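Chemist: Please find one structure pasted underneath; my questions will follow.
The values are calculated or read from the model by the stated rules, or taken from the named source; none is laboratory data. In this text, all values refer to a predicted model and were calculated from it rather than measured experimentally. Methodologically, a virtual Cβ is constructed for each residue, glycine included, from the backbone with ideal geometry; neighbour enumeration extends over all protein chains shown.
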Amino acid sequence: MKKTKFLKRGFIVLIIIGLIIVHFIFPRLITETRNPIIALFKNQKVVNTEVLINENTKVKRKKLTVTSFDDVKLSALLTYSKSEIPKSTIILLHGSSHKKEHFLELSEFLSLNGFNSVALDIRGFGESEGQFFTYGVKESKDIQILIDHLINKEGFDHIGIWGQSIGGALVLQTMGIEKRIKYGISESSYTSLKSNVQSFFKRHAGFSLAIFSDYLVDRSGSIGDFDADEASPYKSSKNITQPILVVHGGKDKQIPIEEGRANYNNIKSKDKKFLEIEEAGHSDLWQVGGDAYFNSVLLFLNKQASTFN
């Protein structure tokens, strides 16, 4: 009898602990980027790389700091074009496992081909302030603030945008509301935060219960002070009228290519192209695509620049 009572009480305690974890811990794994306890549960670490300012003889760089609408300070790295008259200026947006330094080599490539570039630490990453990543709800406004700075302080007036994974999602979300962005490249984007979390459970647990994963996402939005339903590149895509290149790996298991195609099909622009890198997964588009991919990108960028210059 005593053993039965003990087991019942133990079972109740486990249920309570489980509910506490589901309500308070799991949602923070989705949205919180700067919590040492939460970091213990995450298996994806941000890659650290030192920036060598004014020590690289190939290109000229400088750091930028802008303050966003909610007083969050954002850090970016501007790399100047090697051309006397830049073709355009491209904002670069990293994925969840990187920071702005991920684009050091790419920024050199762009510089040598006549483009300025501005690699941004997304809020909550790298040297940018912020505790929560809101999957584009606040970050799209951050990018608009950065564009204000580039136009008003740096004198750049033809701006494009290029992002990977969550950065690719931000491309779609920001282009949908910001027409000062003249063109964009979106790599490996999901359709929505809720679909992304559902895919995560299906990948790792073998099944996905939408009512459970959607609860976690809505709860993460409550904790991070954003509307999780607005974290949807798919919804934003219908408002994109600028030229855009959408890229996805044919063997992407993290974000299936069907999501990339869905975003693409929802884009209203008449000047759009979908590029599948057949043998690529989620994080190796550049490596698998190689020179052929970058030649295709350069053709796209030069086409956009020719409409400006």
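Chemist: Output the residues belonging to the stretch 80-116 that are within 14 Å of the chain's Cα centre (by Cα) and among the charged types (D, E, K, R).
Modeler: Pass one, the stretch 80-116, residues within 14 Å of the chain's Cα centre (by Cα): 91-100, 102-103.
Once the filter is applied, which keeps residues that are within 14 Å of the chain's Cα centre (by Cα) and among the charged types (D, E, K, R), the stretch 80-116 yields Lys99, Lys100.
Chemist: Is at least one residue of the stretch 67-87 modelled with pLDDT under 95 and among the aliphatic types (A, V, I, L, M)?
Modeler: yes
Chemist: So which residues in the stretch 67-124 are in a strand (DSSP E or B), buried (at least 18 other Cβ atoms within 10 Å of the Cβ) and hydroxyl-bearing (Ser, Thr, Tyr), if there are any at all? If you could, list the steps in order and put the result at the bottom.
Modeler: In the first step, residues of the stretch 67-124 are kept if they are in a strand (DSSP E or B); the result is 67, 73-79, 88-93, 115-120.
Now restrict to residues that are buried (at least 18 other Cβ atoms within 10 Å of the Cβ): 74-79, 88-93, 115-120.
Within the stretch 67-124, Ser75, Thr79, Ser88, Thr89, Ser117 qualify.
Chemist: Can you name the residue in the stretch 195-225 that is under 13 Å from Pro27 (Cα atoms) and among the aromatic types (Phe, Trp, Tyr) and, of all such residues, is modelled with the lowest pLDDT?
Modeler: Taking the candidates together, the pick is Phe212.
Chemist: I would also like to ask the following. Among what's in the stretch 145-163 and is among the hydrophobic types (A, V, I, L, M, F, W, C), in contact (Cβ under 8 Å) with a residue 60 or more places away in the chain and assigned to a helix (DSSP H, G or I), pick the residue that is surrounded by the fewest Cβ atoms within 10 Å (Cβ to Cβ).
Modeler: Among those residues, the one meeting the criterion is Ile145.
Chemist: I'm told Gln287 meets every condition in (1) touching a residue at least 60 places away in the same chain (Cβ under 8 Å); (2) out of contact with any strand residue (DSSP E or B) (no Cβ under 9 Å at 6 or more places or on another chain); (3) farther than 17 Å from Tyr183 by Cα except one. Can you identify the failing condition by its number?
Modeler: (1)
Chemist: While we're on this one: Could you list, in sequence order, the residues of the stretch 216-258 that are touching a His at 6+ places or on another chain (Cβ under 8 Å) and acidic (Asp, Glu)?
Modeler: Passing the criteria: only Asp252.
Chemist: When the stretch 149-164 is examined, which residues are found to be within 20 Å of Lys63 (Cβ to Cβ) and either touching a Lys or Arg at 6+ places or on another chain (Cβ under 9 Å) or of a type in the set (A, V, I, L, M) (or both)?
Modeler: Scanning the stretch 149-164 gives Leu150, Ile151, Ile159, Ile161.
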